[in-house]
Amino acid sequence: MERPTPPSKTIAWNGLEYTVPITWEAVVTGKRQLLFEDDLEPVLELKWNKRHAPTLEQAHDRVIKQLSREFGQPDSINNINKNNKQYQTLQFSWRESSFSVFLLFCPVCHASILVRPYVLSTDIQEISASLHCHGMDQTTRWAVQDFSFSLPTSWLLDSYSFSMGFTRISFKQHNSSIHLCRMLPASAHLQNDSITSLLRKLTGCSESSLQLNHCEEFVELQNCPSIVSQLRLRMKRKKPFVYGRLWLHKASDKLLGFTIEDIKPPSLPMIEQIYNSHEATIR
């Protein structure tokens, strides 16, 4: 009799997706770095780069320098590509510390993924089978904590902040910026401020030339700067056009939203794409 598959979830961060047991928590430790914990104990660490090197041999040369600085020269390097159709795999081992670090190299997108297990019984084949470093479409999925969203691949991660009750993840594309946010518990935030007031704070807009729109699903605002105001803001190196949308996810008691800063009014299709890709997990 086959064992039932334990419940799982997919974590997605900056071009890498990894399916893990539902009890694991992902801690973002860098723009391309994740630490997974189970019951507050470290289980696995991932570090990766896209197009870091065009071949496994060149990826090996770069990785060996990094590992030697962190852990000293490895005692053995083994090629373990058996039954792995997606990744070319190298294992770096140190006898004294009794642990290994694995390099997974994707020949399709040239991703170099360093895998450091904290549990000696970890199966690298199971890990690599649950990892995905490139997709077929032109969007990137982001899924951390208890919410997720998708953006076109042209939007690049700029910064992030995970503080108590408030998450903010920012992206840039040419002269445009997008800030995704999640606030919880929504009931606590809404005790002191209205959803409109919170949205104003998120956008940093307080001028009277704002267009506000309330509907059943969300609240949105957009500024309408005059030509003179646009010129003045550009001289200050500020984006003249600001848009914001905020809504309540009642089932999970979260506020989800995003703001956009641009040199031109943001397009409605882009706004709806960001809004429709948002999901929240009920915990």
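Just so you know, all these numbers are worked out from the coordinates, no wet-lab data involved. Being a predicted model, the structure only gives us computed values, none of them experimental. Backbone-built Cβ (ideal geometry, glycine too); neighbour counts: all protein chains shown.
Quick notes
- Estimated FRET transfer efficiency when R0 is 25 angstrom, pair Lys50-Gln273 (beta carbons, to 0.05): 0.65
- Calculated mean residue ellipticity at 222 nm for the chain: -6000 deg cm²/dmol, from DSSP H runs with n ≥ 4 weighted as -39500 (n - 2.57), summed, divided by the residue count and rounded to 500.
- Residues with amide H under 5 Å from that of His52, placed H, sequence gap 5 or more: Ser112
- Here's how it looks for Gly135: its modeled amide H is under 5 Å from none belonging to a residue 5 or more places away or on a different chain.
- Paramagnetic label zone (point 7 Å from Cα along Cα-to-C-beta, Asn78; backbone N under 20 Å) in the range 101-116: 101-105, 113-116
- Couplings 3J(HN,Hα) of the range 112-123, computed from phi: 10, 10, 8, 10, 10, x, 9, 10, 5, 7, 4, 9 Hz, in residue order, whole Hz [Karplus 6.51 cos²θ - 1.76 cosθ + 1.60, θ = phi - 60°; x for Gly and Pro].
- Dipole magnitude (debye, nearest 20) for the range 152-280, charges at Cβ of Lys, Arg, Asp, Glu: 620
- The label-point distance for Leu190 and Leu156, in a model that sets each label 7 Å from Cα toward Cβ, rounds to 3.9 nm.
- Take 137-149, 63-75 and order them by the average number of nearby Cβ atoms within 10 Å per residue, most first; the result is 137-149, 63-75.
- The charge dipole of the chain, taken about its Cα centre with unit charges on the Cβ of Lys, Arg, Asp and Glu (plus for the first two, minus for the last two), comes to roughly 1200 debye.
- Taking a point 7 Å out from the Cα of Glu70 in the direction of its Cβ, the residues of the range 39-57 whose backbone N falls within less than 12 Å of it are 44-49.
- On the beta carbon distance between Lys264 and Asn213, with R0 = 25 Å, the FRET formula returns roughly 0.80.
- What the phi angles of the range 180-193 give under the Karplus curve with 6.51, -1.76 and 1.60, with θ = phi - 60°, is a coupling list of 9, 9, 9, 10, 7, x, 4, 4, 6, 5, 7, 5, 9, 9 Hz, glycine and proline written as x.
- Ranked by the mean number of other Cβ atoms within 10 Å of their residues, highest first, the peptides 251-259, 44-52 come out as 251-259, 44-52.
- Residue pairs exceeding 20 angstrom between C-alpha atoms, taken from Lys50/Lys172; Lys9/Lys85; Lys239/Lys264; Lys31/Lys264: Lys9/Lys85; Lys31/Lys264.
- Global geometry of the range 99-176, whether rounded, prolate or oblate, following the gyration tensor of its Cα atoms and the 1.5 cut on a/c: oblate
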